[in-house]
Amino acid sequence: MTTINSCQSCGMPLAGADNLCGTNRDGSINKNYCNYCYQDGEYTSDISIEEMIQICIPHVVNANKEMDKKAAQEMLEEYLPTLDRWK
């Protein structure tokens, strides 16, 4: 089984997409976070998990046309708390 690496803040898939990965303070790639959530060794915004869920809903719906906003929210409410940033 292939493990898909996802951003440990927003859950965005990162497998094979180093250009989407965040960066450490020294400029090196951080494969645990996307560049939208993590740059220069810091989170790009100081938000709550509830705010992150609201930000992610439209992206999940756009990527999964069969999913409505309610289903996306329910999925994110289950999934995001399992990610490192929110544990």
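Throughout, read-outs are computed from the coordinates displayed, never taken from laboratory work. What you see is a predicted model; the values in this text were computed from it and never measured. Counting neighbours? That spans all protein chains shown, and the Cβs are built from the backbone with ideal geometry, glycine included.
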Degrees, to the nearest 10: 49-63 long Cα axis against longest axis of the chain: 70 degrees
Starting with the highest mean, order 49-60, 27-38 by the number of other Cβ atoms within 10 Å, averaged over the residues of each peptide. 27-38, 49-60
Farthest toward positive dipole pole in the chain [+1 Lys/Arg, -1 Asp/Glu at C-beta], among Cys7, Ile47, Cys37: Cys7
Taking Cα atoms, the helix 69-79 axis meets the longest principal axis of the chain at an angle in degrees (rounded to 10) of 50 degrees
Estimated dipole of the chain in Debye, rounded to 20 [Cβ of Lys and Arg +1, of Asp and Glu -1, Cα centre]: 180 debye
